[in-house]
Structures are given as C-alpha cells and as structure tokens.
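Heads up, the thing below is written out as structure tokens.
The values are calculated or read from the model by the stated rules, or taken from the named source; none is laboratory data. Note that the structure is predicted; figures quoted are calculated from it, not measured. Reconstructed Cβ throughout: ideal geometry from the backbone, glycine too, with neighbour counts over all protein chains shown.
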C-alpha cells in the first residue's frame, strides 16, 4: 500500500475513534448525499484526497510531498451553528493526537475551515482542509 493510502487510512481510523464531544455515526472515503441519511447517521463525514505538491529533497531519490485532504462533515440539530462548531473542534482535537499519522507523515495541520453558512438547514455542513507533509523514495509514493 502507498504512503498516501496509509495516511488516508490513518485519518479514517482517527475520525472513527472520536467520541468527545462528538462521535461520528458515518465515516467514509466516498461522497454521499446527506439528504438520504437517516437522523441516526448524523454526524457524518467523508474524507477526500485533494491536491498534492511534490519535490526532491535529495538527488539520490528522497522526495517530499504535501497533500491536502478535505473532510466534509454534516450535522443535524436544532442548534446547527453549535453542532458545526462542536464537529470542527472534535475533528481538530482528534487530528492533533498524532500529527505523524502513525509514523507515515512528518506533520499534519488543519489549514482551512468553511461552513455552509446555513444554506442546508436543518442540516449543517463543514469542510476542513487538512494538510499532511510526508517523505518517500522516488517510485514508492
């Protein structure tokens, strides 16, 4: 398995183990239609591999990459803004526990957080851009 896949799997495992203050009910790497979810499936997230920058570290083949992952989350609540904020806080707290993604990465940082700003009421949506920096040998990414 590639380092990219190992990092993505670690992110899914990390999100799966969240419990305070939010426990996710649905976690996937595949997009889904939040309108088809039952109330019992909220909060829900999907993780998407996004853009990546790569470059040489050494001439002997060591390379470094910075990949972004988008975490798209949905909550359903009568207090949507509070539920979105709790989801954001829980995800960021979970990601901070191991910024090396199980030893596969050099660093993990949340770069950006956006919300739907009430456009999907009674469901609230968030998107978090999480950047992971890692190294690999040419031909082994």
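Considered as a group, the residues in the stretch 29-51 that are touching a helix residue (DSSP H, G or I) at 6+ places or on another chain (Cβ under 8 Å) and not in a loop (DSSP other than H, G, I, E, B) include one that is nearest to residue 121 (Cα to Cα), and that residue is 44. Take the conditions surrounded by 12 or more Cβ atoms within 10 Å (Cβ to Cβ) and over 19 Å from residue 132 (Cβ atoms) and apply them to residue 77. Does it pass? Here the answer is yes, as residue 77 does meet what is asked.
Go through (1) assigned to a loop (DSSP other than H, G, I, E, B); (2) closer than 20 Å to residue 96 by Cα one by one and return the number of the condition residue 58 breaks. Here residue 58 meets the rest and fails (2).
Return yes or no: is residue 87 assigned to a loop (DSSP other than H, G, I, E, B) and either on the phi < 0 side of the Ramachandran plot or more than 13 Å from the chain's Cα centre (by Cα) (or both)? Here the answer is no, as residue 87 does not meet what is asked. Filtering 45, 20, 72 for residues that are touching a residue at least 24 places away in the same chain (Cβ under 8 Å) and surrounded by fewer than 17 Cβ atoms within 10 Å (Cβ to Cβ) leaves a single hit, 20.
Residue pairs whose Cβ atoms lie under 6 Å apart, sitting 6 or more positions apart in sequence or on different chains, and linking a residue in the stretch 106-125 that is in contact (Cβ under 8 Å) with a residue 60 or more places away in the chain and at negative phi to a partner that is part of a strand (DSSP E or B) and surrounded by 15 or more Cβ atoms within 10 Å (Cβ to Cβ), are 123/74; 123/76; 125/74. Number of residues in the stretch 96-140 that are at pLDDT below 95, exposed (fewer than 15 other Cβ atoms within 10 Å of the Cβ) and assigned to a loop (DSSP other than H, G, I, E, B): the value is 8.
Suppose the filter is under 20 Å from residue 138 (Cα atoms) and touching a helix residue (DSSP H, G or I) at 6+ places or on another chain (Cβ under 7 Å); does residue 69 pass it?
When the stated conditions are applied, residue 69 does not pass them.
Inspect all residues belonging to the stretch 64-83 and state whether any of them is more than 23 Å from residue 29 (Cα to Cα), touching a strand residue (DSSP E or B) at 6+ places or on another chain (Cβ under 9 Å), part of a strand (DSSP E or B) and modelled with pLDDT of 95 or more. Checked against the condition, which is being more than 23 Å from residue 29 (Cα to Cα), touching a strand residue (DSSP E or B) at 6+ places or on another chain (Cβ under 9 Å), part of a strand (DSSP E or B) and modelled with pLDDT of 95 or more, the stretch 64-83 yields at least one hit.
Applying the set (1) within 21 Å of residue 136 (Cβ to Cβ); (2) touching a helix residue (DSSP H, G or I) at 6+ places or on another chain (Cβ under 8 Å); (3) assigned to a helix (DSSP H, G or I) to residue 15 leaves exactly one unmet item: (1).
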